[in-house]
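Here the structure comes first, spelled out in structure tokens, and everything after it is commentary.
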Amino acid sequence: MRVALIGPPQSGKSTLFAAVAEAGGSNVDLSRPDQPHLAVVKVPDERLDWLVNFAKPEKLTHAELEFLDLPGFDLADQAAREHSKTHWPAMRNADMLVVVAREFASDSVPAYRNRVDPSADVEEFLGEMIFADLDQAASRLSRLEASLKKPTGDRHEQQQELDLMKRIVEALESERPVSSAIRNEAEGKLLRSFAFLSRKPILSVLNCSEDDVSRPAEATAGTDCMRLSAKIEEEIAQLAPADRKEFLADLDLPSSARDRLVRACYERMDLVSFLTQGPKEVRAWTIPAGTDAVTAAGTIHSDIARGFIRAETIAFEDLKQAGDVKAAKAAGKVRLEGKGYVVRDGDIMNFRFNV
Ligand SMILES: Nc1nc2c(ncn2[C@@H]2O[C@H](COP(=O)(O)OP(=O)(O)OP(=O)(O)O)[C@@H](O)[C@H]2O)c(=O)[nH]1
Ligand SMILES: [Mg+2]
């Protein structure tokens, strides 16, 4: 799953990207600011830290997300705005968008549109996405209308899509996102190939001055919002992991915003982790919320899904409370679940299978 960082020029996207990637142990090369940058990032998970102490495995594997840092889109300048369209396909390919808007004061960094107004910036970007989606939906609508005038093709199916597309155009024209016009899963599926931008989960990040990091963030332009300092995050990322806690305590911060951001993205995309543990490996596996046990088994290996018998399951918190598997069993916390069991975040799974 991929998260794209977007926003106006010089809002701190690449600084935040570097912090997100480096704190997860990857090196980034930002020598080409006009190019997109991609990094694979570990999703922080305190449960894994506990399980590592518990199982002493040879190997630890975190859940992962991809982060894509796109160059700034200058919507104020017509030529630059056209040029930025080269990056829109990459944005459409992402599963989630994070709009990074500048809130920090600085005399050396020129302010987009000569003002520092993150809420207006986020709003402008949302508007641009709605505009792009409208363009796409309206042209699909007119093609469908033309096609329905001919006697060929599956008219019922086309009529259904036409009704949906009309509703979408209506929503976009009144500046509501595509997501607000989708009524059920079937409609969602029908729209998959369009990759509408205003259908994606969106989070806005206010990149604030260092003194403002502990101010709470309120919803911005109708989106979920986080306030953080990309600069501070970058400094934290460059410290050895053991020194980070002290640095945060000095700043009176409970945790690094980077970790909260990565987790927030994971949750906004409706992803959950199930865990596996043993002497070889402790690992978090990513599945969409609502996934059943046999499908979850298939993410490990198709053979495990094919030969699925039962899943021995303990909720992480139950294991932690009991102290070990034996005690959890004695307390009746180890369950045997079948194929249709809906796996929950933090379930420790041990699949029994036979092939
Ligand atoms: N004071 C201050 N400066 C920052 C902060 N974040 C970024 N900057 C500075 O702002 C400038 C732009 O930062 P980048 O991270 O490159 O911004 P960007 O959004 O990737 O820029 P483009 O990709 O060109 O749109 C750099 O000079 C940064 O050092 C911040 O939190 N505080
Ligand atoms: Mg950049």
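The values are calculated or read from the model by the stated rules, or taken from the named source; none is laboratory data. None of the values given here were measured: they were computed from a predicted structure. When we count neighbours, we look across all protein chains shown, and the Cβ atoms used for this are built from the backbone with ideal geometry, even at glycine. Accessible surface is based on the protein model in full, side chains and every heavy atom, while ligands, DNA and RNA are left aside. Shrake-Rupley method; radii C 1.70, N 1.55, O 1.52, S 1.80 Å.
Descriptive notes on the structure:
- All positions within segment 29-55 that are touching a helix residue (DSSP H, G or I) at 6+ places or on another chain (Cβ under 8 Å), over 23 Å from ASP74 (Cβ atoms) and within 16 Å of ligand 1 (Cβ to nearest atom): ALA39
- Scanning segment 61-109 for residues that are part of a strand (DSSP E or B) and among the hydroxyl-bearing types (Ser, Thr, Tyr) yields a total of 1.
- Count of segment 148-194 residues, restricted to those that are assigned to a helix (DSSP H, G or I) and either of a type outside the set (A, V, I, L, M) or farther than 26 Å from PRO89 by Cα (or both), is 22.
- Hey, ARG283 over 29 Å from ALA120 (Cβ atoms), part of a strand (DSSP E or B), out of contact with any helix residue (DSSP H, G or I) (no Cβ under 6 Å at 6 or more places or on another chain) and in contact (Cβ under 8 Å) with a residue 12 or more places away in the chain or not: yes
- Scanning segment 1-21 for residues that are open to solvent by 30 Å² or more (accessible area, probe 1.4 Å) and within 13 Å of ligand 1 (Cβ to nearest atom) yields PRO9, GLN10, SER14, THR15.
- When segment 37-60 is filtered for residues that are under 24 Å from the mean Cα position of the chain (by Cα) and farther than 18 Å from ASP259 by Cβ, the ones remaining, listed by number, are HIS37, LEU38.
- In segment 69-84, the qualifying residues are those that are within 14 Å of ligand 2 (Cβ to nearest atom) and of a type outside the set (A, V, I, L, M, F, W, C), and the one that is surrounded by the fewest Cβ atoms within 10 Å (Cβ to Cβ) is ASP74.
- Candidate set: segment 26-60, residues that are more than 15 Å from ligand 2 (Cβ to nearest atom), part of a loop (DSSP other than H, G, I, E, B) and surrounded by 13 or more Cβ atoms within 10 Å (Cβ to Cβ); chosen: the one modelled with the highest pLDDT: PRO57
- Any hit, segment 222-229, residues being surrounded by 12 or more Cβ atoms within 10 Å (Cβ to Cβ), assigned to a strand (DSSP E or B), of a type in the set (S, T, N, Q) and modelled with pLDDT of 90 or more: no
- Being surrounded by 13 or more Cβ atoms within 10 Å (Cβ to Cβ) and in a loop (DSSP other than H, G, I, E, B) is a property that ALA217 has.
- Some residue of segment 117-139 being surrounded by 11 or more Cβ atoms within 10 Å (Cβ to Cβ), without any contact (Cβ under 8 Å) to a residue 40 or more places away in the chain and assigned to a loop (DSSP other than H, G, I, E, B): yes
- Members of segment 8-25 that are at pLDDT 90 or above and among the hydrophobic types (A, V, I, L, M, F, W, C): LEU16, PHE17, ALA18, ALA19, VAL20, ALA21
- Condition check for VAL169: within 25 Å of MET269 (Cα to Cα), in contact (Cβ under 8 Å) with a residue 12 or more places away in the chain and within 16 Å of ligand 2 (Cβ to nearest atom): no
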